[in-house]
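Notes to accompany the following structure.
Where a number appears in this text, it was derived from the coordinates with a stated rule and is not lab data. This is a predicted model, so every value here is computed, not measured. As a convention, Cβ positions derive from the backbone with ideal geometry for all residues, glycine included, and neighbour counts pool all protein chains shown.
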Amino acid sequence: MNKLILGDNQEILRSLETESVDLIYLDPPFFSNRNYEVIWGDEGEIRSFQDRWSGGIDHYIAWLKERVVELHRILKPTGSIFLHCDWHADAYIRVFILDKVFGEQCFRNEIVWIYDTAGRTKKNFNRKHDNIFWYSKNNKKWTFNGNIKGVGTERKASNHMRLGKDENGRKFYEKTDKNTGKVYRWYLDNFKVRNDCWEDITAMNSEPADIIFLNALNREAKERIGYPTQKPEALLERIILAASNEGDIVLDPFVGGGTTVAVADKLKRHWIGIDQSVQAVKVSELRLQKQQDLFSKPFTVQLHKYDYDTLRYSDAFEFETWIIQQYDGTPNTKQRGDKGIDGKTRDGVPIQVKRSDNVGRNVVDNFISASKRFDKSLFDKNSKNNKAIGYIIAFSFGKGAIQEVARLKNQDNLIIQLITVEEIIPIAKKPKLTVNFEDLGLDNKKLRNIEFTATGESEAGIEFYAWDFNYNESEGFKAQIMIDKKGKQTHKFKTGDYQIAVKVVDNEGLENLEVIKLKVNGEVKGK
C-alpha cells in the first residue's frame with residue numbers, strides 16, 4: 001500500500017521490515033543556516049530542526065547517520081540509495097556516513113546536478129550545483145537502467161553514419177569500417193549512458209516555449225507548489241527510472257513537497273513518504289490527489305490523530321483493510337466470500353471489523369460461528385488454553401454485546417476481545433470551517449472578481465488552507481492553490497455556474513471541506 005506517514009522518520013524507519021525497499025532518495029535538510037532550513041514552520045519541523053542543529057556539524061552528522069543506518073537495513077540487496085546534499089556538508093556525509101555504513105566498494109557515482117539560479121558573488125566562483133551520492137546495497141548486483149529513454153542520452157549520427165530500419169521497424173544508425181568491411185549498428189531506442197554531470201534538468205514554465213534551469217523552482221514554473229526547496233520532477237524521474245523498475249518500492253524519508261512520491265506514482269512504482277511536518281504530509285497528499293486518475297493506485301495517510309467522521313463514513317472495505325493493518329494484523333484481500341472474517345492477527349486469530357457504533361449481541365453470535373468455520377482447530381486450541389478465539393473491532397459496542405462477551409467467558413470458556421477503534425488509533429474532532437465571498441465587480445476584461453475568505457477553527461490550531469476553483473465532486477478535490485496561510489483568495493470568473501471548494505488543515509493534519517456554488521451572470525449569487 002502506498003502511504004504518507006507523519007512522524008519522526010527515525011522511529012518510523014525502525015518499524016519497517018528489513019530488506020523491503022528497492023530505492024531510497026533522500027534530500028535531508030542541508031547543513032547551511034537556520035533561516036533557510038525552517039520551511040514549513042510547524043511544530044514538528046521546528047522540533048526536528050532543533051534536534052539536528054544543537055551541536056554543530058558533528059551533531060548534524062550523527063543525527064543523519066542514525067537514519068542512514070536504518071535506511072541501509074531496510075534496503076533490498078539489489079537496491080540503491082541516492083542522498084542529495086550541497087557543499088556545506090557533502091565531504092562529511094560521504095566519508096563519515098555513506099562510506100562507513102554502505103562501504104566504499106558500494107559507491108557508484110557522485111552525480112553533480114548543475115543549475116543556474118539567481119544570486120551571484122564577486123568574491124569567488126558561484127556555487128551552482130548540488131551533489132547526489134549514489135550507493136548500492138551490494139557491490140555485485142544492483143538495478144541500473146542507464147540506456148532507456150528518460151535516463152540515457154539520445155544517439156546522434158555523424159556524417160558517415162546511415163539511418164535505417166530493421167525488419168521490426170526499429171530505427172538505427174550504422175556505419176561500415178573501411179578497412180575491415182564490418183558493419184556497426186546503434187539502435188536509436190538504446191540510449192547512451194550519460195555522464196555524471198547533469199546540467200539538462202529542466203522544468204516547463206507557464207509558457208511552453210520558455211524552459212528554465214533551476215534548483216528551487218521559480219514562481220512561474222507549472223510544477224511549483226510553494227515549497228521553497230522543491231526539486232524538479234525531471235530530476236526525480238531520471239533517478240527513479242534509472243535505479244528501479246515498475247512495481248518496485250521507492251522510499252523518501254524527508255518527503256518535503258512530495259516530488260519523489262508524486263513522480264514514483266506516475267511511474268507506477270509503489271512508494272512510502274515520511275515527514276515530521278504536518279504541512280509536508282498534507283501538501284504531498286493534495287499534490288497526489290491532483291494528479292491521480294481512475295487508474296491510479298490508492299494510498300493512505302498515517303497521522304497522529306484521525307477524524308471520527310472521515311473514518312466512520314469512509315469506504316467500508318478500505319477501512320477494514322486499514323484498521324486491521326493499524327492493529328498489526330493481516331487484512332483479507334477478498335471483498336466477498338470472506339465467511340465473515342476480515343483479517344487475522346500474526347498468530348492467525350480471526351478479526352472482524354464493523355464500521356459502526358453500538359455493535360450488538362447478534363454480531364457476537366455470528367462471529368463465533370464464523371470463527372469456527374475459519375479455523376476449527378485453532379478455535380478449539382485457543383478455547384482450551386484460555387486464549388482469545390477472535391477479535392471484533394468497532395467504534396463502540398452496545399450493552400448486549402458487552403454482556404454476551406462476559407457470559408461467554410464465564411460460562412462457555414470462550415474469549416472474544418472487543419476492541420474500539422480509539423484503542424488502536426487516537427481520534428479527534430476535525431476543524432470547523434466557514435467560507436464567505438464578496439463581489440468586487442468587473443475588471444477591464446469583463447471578468448468578475450470575487451474575494452473568498454475562509455475561517456477555520458480548531459483546538460489544535462490552523463495550519464493552512466487549499467483551494468479548488470473548479471471543483472467536481474466525482475473527480476475529487478484538485479487543489480489549484482495548495483498553501484494559503486491566511487485563508488483569503490481573489491479569483492476571476494466568466495459568466496457561468498461554478499463550484500468552489502476550500503479545505504482547511506489543522507496542526508494535527510485533520511481537515512474539513514466546504515463547497516460554495518456560485519452563479520455568475522451580471523451579478524453573483526450563491527446557491
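Can you tally the net charge around residue 18? Count Lys and Arg as +1, Asp and Glu as -1, for every other residue whose Cβ sits under 15 Å from the Cβ of residue 18.
Working: positive: 14, 73, 76, 137; negative: 17, 19, 22, 70.
Taking every other residue near residue 18 into account, the sum is 0.
Which one, 183, 197, 135, is farthest towards the positive end of the dipole of the range 130-198 when Lys and Arg carry +1 and Asp and Glu -1 on their Cβ?
With unit charges placed on the Cβ atoms, the residue in question is 183.
Could you size up the charge dipole of the chain around its Cα centre, putting +1 on the beta carbon of Lys and Arg and -1 on that of Asp and Glu, and report it in debye to the nearest 20? Can you show the working numbers first?
On the way: 81 positive and 77 negative charges, 292 e Å.
About 1400 debye.
Give the residue from 509, 431, 487 lying farthest towards the positive end of the charge dipole for the range 429-526; charges sit on Cβ (+1 for Lys and Arg, -1 for Asp and Glu) and the dipole is referred to the Cα centre.
487
Can you give the charge dipole size of the range 309-424 about its Cα centre, rounded to the nearest 20 debye, using +1 on the beta carbon of Lys and Arg and -1 on the beta carbon of Asp and Glu? Can you show the working numbers first?
Numbers: 18 positive and 16 negative charges, 114 e Å.
Computed charge dipole of the range 309-424: roughly 540 debye.
Could you sort the peptides 460-466, 421-427 by per-residue average Cβ neighbour count (10 Å cutoff), highest mean leading?
460-466, 421-427
Quick one: putting +1 on the C-beta of Lys and Arg, -1 on the C-beta of Asp and Glu, what dipole do you get for the range 429-526 around its Cα centre, in Debye to the nearest 20?
420
Compute the acute angle (0 to 90°) between the alpha-carbon long axis of helix 43-53 and the principal axis of greatest extent of the alpha-carbon atoms of the chain; round to the nearest 10°.
50
Counting other C-beta atoms within 10 Å, which of 391, 135, 115 has the fewest, and how do the rest follow?
So the residues, fewest neighbours to most, are 115, 391, 135.
Please determine, in degrees from 0 to 90 and to the nearest 10, the orientation of helix 233-243 with respect to the longest principal axis defined by the Cα atoms of the chain, where the helix direction is its Cα long axis.
It works out to around 80 degrees.
Of the peptides 449-458, 229-238, 56-65, how do they stack up when ordered by the mean number of other Cβ atoms within 10 Å, highest first?
Working: 449-458: 18.1, 229-238: 21.5, 56-65: 15.7.
Highest to lowest by the protection proxy: 229-238, 449-458, 56-65.
Find which of 392, 353, 382 sits farthest along the positive direction of the dipole of the range 309-424, computed with +1 on the beta-carbon of Lys and Arg, -1 on that of Asp and Glu, about the Cα centre.
Checked the options; the winner is 382.
Please compare each pair in 354/430; 445/519; 76/381; 128/486; 123/192 to a cut-off of 27 Å on the Cα-Cα distance and tell me which ones are over it.
In this structure, 76/381; 128/486; 123/192 exceed 27 Å between Cα atoms.
If you take Cα extents along the principal axes in Å from the coordinates, which of (i) 90, 76, 47; (ii) 74, 71, 42; (iii) 95, 68, 61 do you get?
(iii)
If you line up the long axis of helix 316-326 against the longest principal axis of the chain, both from Cα atoms, how many degrees apart are they, to the nearest 10?
In the chain, helix 316-326 runs at an angle near 80 degrees to the longest axis.
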